[in-house]
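Presented below is the structure to which this report refers.
What follows draws every value from the coordinates through simple rules; no lab data is involved. Computed from a predicted model, the values in this text were never measured in an experiment. A quick note on method: Cβ atoms are made from the backbone with ideal geometry, for glycine too, and the neighbour counts reach across all protein chains shown.
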Amino acid sequence: MKKLFFILFAFILNDISAKPDRLPDTVTVGIYINSIHDIDFAEKQYSINLWLWLKYKNPDFDFSKYLEVPMAKTVDKSFYTVDTLEDGRIYMMMKLQCVMKDSWMIKNFPFDRQKLRFTIENSQYDSDDLVFAEDTAGNHYSKWTISGWNVIPDSFKITTGIKKYETAFGDPEVKIPHSEFGNFKVLIGIERDSWWLFLKLFIGMYISFLLSFICFFIHRDSIDSRFSLNVGSLFAVIGNKYVIDSTLPESSSYTLVDTLHGLTLCFILAGVACTAYSLKLIKAHRLEQATLFDKKAPWIMLLIYVLLNTWFVCKAYF
């Protein structure tokens, strides 16, 4: 009986000793974003200018050395200052200029909405030693103007949590390849001022379609000119698509840009087919049928083309 009691006591003692003897220190973090600029779709990046302040007890945290911005390409600490508060905590304030990498959602381009993410961690201390808490007082960003973009109302969110890494980062004392670090995250939703950009990008495509439409009004004696204009319109649409694609990141999804250009190519091809059918009627000496067909076909095509374009554009915008 005594032996059983001893074993049970040893087990409980071992379980208690396995638990951490203290709670992790809490670092209170506040942020104020001055500006976001240089949004680059091709390079999948944007630049952000901000103030960051941290309040904590443990001087070993030293965020001037150990601040980690996981999604940043470059981080420039242009200024920082350290002070001690009345309650004994360290108060550190710094100004950061970062070039952030991010992924873009281009399915509805140019009516797209994007989510910009900014995250910080401490590179030396995991979640057993350090966790973050957000400073929610005051505003967190200035009413800046991002060229061509607007901040979506109520889209600015600040959260804290734990980031899990399935690695021990080479630490031989850690048996299981797993690490957890506290993090502080900012999410900003932005939407594009899209209509003028839409017109600039697609006006060449629509003019090409109108050229194909006008071909139906060329007299049958110059039917060869119809084919030439239609073929020229096809190449103009293809060229316009390549120009737009060069400004966008690679994507495996079918985007609005692909849809509208594909639709236009199909309707120009349909115009070529209609011209070929009209020529066939003329060769068969069915001039009245050819004339009637040339009068009805373009308007039917135009109506269907406008309706489909309106549907796809409204679907992307709303």
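Give me the angle, in degrees from 0 to 90, between the Cα long axis of helix 256-283 and the longest principal axis of the Cα atoms of the chain, rounded to the nearest 10.
In the chain, helix 256-283 runs at an angle near 10 degrees to the longest axis.
What full-extension length gain, to one decimal in nm, is calculated for Asn150 and Leu269 as 0.36 nm per residue of separation minus the Cα-Cα distance?
Working it through step by step, the gained length comes to 39.0 nm.
If r is the Cβ-Cβ distance from Lys280 to Thr310 and R0 is 25 Å, what FRET efficiency results, to the nearest 0.05?
My answer for the efficiency is 0.15.
Taking amide hydrogens as modeled 1.01 Å from N in the peptide plane, which residues meet the under 5 Å criterion relative to Trp149, leaving out close sequence neighbours?
Result for Trp149 returns Asp193.
Taking the Cα atoms of region 195-317, what is the range of coordinates along each of the three principal axes, in descending order and whole Å?
Principal extents (Cα only, largest first): 53, 25, 24 Å.
Determine ³J(HN,Hα), in whole Hz, for all residues of region 291-305 in sequence, where each value follows from phi through the Karplus function 6.51 cos²θ - 1.76 cosθ + 1.60 and θ = phi - 60°; x replaces Gly and Pro.
In residue order, the calculated couplings are 5, 5, 5, 5, 7, 8, 4, x, 6, 5, 4, 4, 4, 5, 5 Hz.
Select from Thr81, Thr167, Thr28 the residue whose mean-square fluctuation is largest in a Gaussian network model of the chain (Cα-Cα springs shorter than 10 Å).
Thr167
Label points 7 Å out from Cα along the Cβ direction at Asp62 and Trp299: separation in nm?
8.2 nm
Just from its helices, what would the mean residue ellipticity at 222 nm be for the chain, if runs of 4 or more DSSP H residues each count -39500 (n - 2.57) and the sum is divided by every residue, rounded to the nearest 500 deg cm²/dmol?
Rounded to the nearest 500, the figure is -13500 deg cm²/dmol.
How compact and how long is the chain, expressed as Rg and Dmax of its alpha-carbon atoms in Å?
Cα-based Rg and Dmax for the chain come out at 31.5, 116 Å.
Counting pairs of alpha carbon atoms under 8 Å apart in space and at least six apart in sequence, what relative contact order in percent does the chain give?
Worked out over the chain, it gives 16 percent.
Please work out the Cα center distance from region 58-94 to region 247-291, rounded to the nearest Å.
62 Å
Going by alpha carbons, how many degrees (0 to 90, nearest 10) lie between the helix axis of 223-245 and the longest principal axis of the chain?
Helix 223-245 sits roughly 10 degrees off the main axis of the chain.
Could you derive backbone 3J(HN,Hα) for region 82-93 from the dihedral phi with the Karplus parameters 6.51, -1.76 and 1.60 (θ = phi - 60°), listing whole Hz in sequence and x where the residue is Gly or Pro?
Whole-Hz 3J(HN,Hα) from phi for region 82-93: 10, 9, 10, 7, 5, 7, x, 6, 7, 10, 10, 10.
Counting pairwise Cα distances across region 22-191, what percent come out greater than 25 angstrom?
37 percent
What is the P(r) of region 83-148, as percent of Cα-Cα pairs per 10 Å bin from 0?
Final binned percentages: 12, 32, 33, 17, 6, 1.
Ratio of alpha-carbon Rg to the 2.2 N^0.38 Å globular estimate for region 98-230, to two decimals, please.
Output field value: 1.88.
Would you calculate the volume per residue, in Å³, of the smallest convex hull containing every Cα atom of region 136-200?
With only Cα atoms used, region 136-200 gives 155 Å³ per residue.
Output wanted: per-residue J couplings in Hz (rounded whole) for region 307-318, from phi through Karplus 6.51 cos²θ - 1.76 cosθ + 1.60, θ = phi - 60°, x for Gly and Pro.
5, 5, 4, 4, 4, 5, 5, 5, 5, 6, 6, 9
What does the extension gain come out to for Asp193 and Lys73, with contour length at 0.36 nm per residue minus their alpha carbon separation?
That pair, Asp193 and Lys73, stretches by 40.5 nm at full extension.
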